[in-house]
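Visitor: This is the structure I want to talk about, given as structure tokens.
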Amino acid sequence: MLTEAQKSAYLKNSGACPYCGSEHIEGTGDRDYSDDKYYNRVGCPDCGKVWDDVYTLSGIEEVE
């Protein structure tokens, strides 16, 4: 199980596995929407761990 410190470090550098630190992480293609959140499944082939990145809408910007 990830500690709060590991989760915080991953949020600062989401380009590396929060479990082993490998930079070879990849999206699995699995996605889900629930309430106001969007979940994107991510995995690390080096250590075999899988987790969900969780996204929330934080604003809107007009495109001209």
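Quick note: the coordinates plus some simple rules give every number you see, no bench work behind them. Everything quoted here is computed from the prediction, not taken from an experiment. Cβ coordinates were reconstructed from backbone atoms using ideal geometry, including for glycine residues, and neighbour counts include every protein chain displayed.
Visitor: So, by mean Cβ neighbours within 10 angstrom, what's the order for 1-7, 54-60, 40-46 with the highest one leading?
Guide: For the peptides 1-7, 54-60, 40-46, the packing ranking is 40-46, 1-7, 54-60.
Visitor: Right, something else. Step through the residues of segment 12-21 one at a time and calculate ³J(HN,Hα) from phi using the Karplus curve (6.51 cos²θ - 1.76 cosθ + 1.60, θ = phi - 60°), rounding each to whole Hz and writing x for Gly and Pro.
Guide: Calculated HN-Hα couplings, in order: 7, 9, 6, x, 9, 4, x, 8, 10, x Hz.
Visitor: Using θ = phi - 60° and the Karplus curve 6.51 cos²θ - 1.76 cosθ + 1.60, what whole-Hz ³J(HN,Hα) does each residue of segment 26-42 get, with Gly and Pro shown as x?
Guide: 8, x, 8, x, 7, 9, 8, 10, 8, 6, 10, 10, 10, 10, 10, 6, 10
Visitor: A further question follows. Please report Rg (one decimal) and Dmax (integer) in Å for the Cα set of the chain.
Guide: 13.5, 44
Visitor: Using r as the Cβ-Cβ distance of D36 and Q6, and R0 as 25 Å, what FRET efficiency do you calculate, to the nearest 0.05?
Guide: On the way: r = 25 Å, r/R0 = 0.99.
So, using R0 = 25 Å, E works out to roughly 0.50.
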